[in-house]
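One structure is given below, encoded as structure tokens.
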Amino acid sequence: MILAILGGALIGLSASLFWTFNGRIAGASGLLGGLLGGASDRAVRAAFLLGLALAGVLFGKFTDRIGVSALPLAPLAFAGLLVGVGTRLGGGCTSGHGVCGVSRFSRRSMIATCTFVAAGMITVFVVRHAFAGWGAP
């Protein structure tokens, strides 16, 4: 539980620092979209996204806990792509709405975050029950 609290604190700190120094919401999908779309602040976007990836790698190296799924990489990558496209179409992502928007008491972000959580719960239920025996965990 302490790792979850520390992780949440680090996410909040990074979002706060990003806002303080860049005047922008730290929404990962928006940052990646701008990076791929040729935004003028590409170095800042790349550094933030690289930090996100490296944090997970370093966490796995220095602890006995790894965030690796038992599912094959290809379906996970495809799912990640679908999530990214959906968040760009929907105008926000879990980091932008769930961390930054909720902390500002944005009603739109609270509704979006509840929608994300509900979709995640439904997905877990379907994968665990509808696809039971197909190799899913």
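The values are calculated or read from the model by the stated rules, or taken from the named source; none is laboratory data. For clarity, every value in this text was computed on a predicted model and none was experimentally measured. Ideal geometry is used to build each Cβ from the backbone, glycine not excepted, and the neighbour counts take in all protein chains shown. Accessible surface areas use protein heavy atoms only, side chains included; no ligands, DNA or RNA. Shrake-Rupley method; radii C 1.70, N 1.55, O 1.52, S 1.80 Å.
Is one or more of the residues making up region 60-78 open to solvent by less than 30 Å² (accessible area, probe 1.4 Å) and in a helix (DSSP H, G or I)? Looking through region 60-78, at least one residue is open to solvent by less than 30 Å² (accessible area, probe 1.4 Å) and in a helix (DSSP H, G or I).
Within region 95-126, track down each residue that is in contact (Cβ under 8 Å) with a residue 60 or more places away in the chain and under 15 Å from the mean Cα position of the chain (by Cα). Of everything in region 95-126, those that are in contact (Cβ under 8 Å) with a residue 60 or more places away in the chain and under 15 Å from the mean Cα position of the chain (by Cα) turn out to be Ser95, Gly96, His97, Val99, Cys100, Gly101.
Select, from Phe59, Phe105, Phe116, Phe78, the only residue that is of a type in the set (Phe, Trp, Tyr), modelled with pLDDT of 80 or more and touching a helix residue (DSSP H, G or I) at 6+ places or on another chain (Cβ under 9 Å).
Working: Phe59 fails: modelled with pLDDT of 80 or more; Phe105 fails: touching a helix residue (DSSP H, G or I) at 6+ places or on another chain (Cβ under 9 Å); Phe78 fails: touching a helix residue (DSSP H, G or I) at 6+ places or on another chain (Cβ under 9 Å).
Residue meeting the stated conditions: Phe116.
For region 93-119, give me each residue that is more than 21 Å from Leu13 (Cβ to Cβ), of a type outside the set (A, V, I, L, M, F, W, C) and surrounded by 12 or more Cβ atoms within 10 Å (Cβ to Cβ). Thr115 - this is the single residue of region 93-119 that is more than 21 Å from Leu13 (Cβ to Cβ), of a type outside the set (A, V, I, L, M, F, W, C) and surrounded by 12 or more Cβ atoms within 10 Å (Cβ to Cβ). Looking for something small (Gly, Ala, Ser), farther than 20 Å from Phe59 by Cβ and loosely packed, with under 14 Cβ neighbours inside 10 Å - is there at least one such residue anywhere in region 19-28? Yes.
The residues listed here are Ser40, Ser29, Ser16; of these, the one that is among the polar types (S, T, N, Q) and in contact with a helix residue (DSSP H, G or I) (Cβ under 7 Å, 6 or more places away or on another chain) is Ser29.
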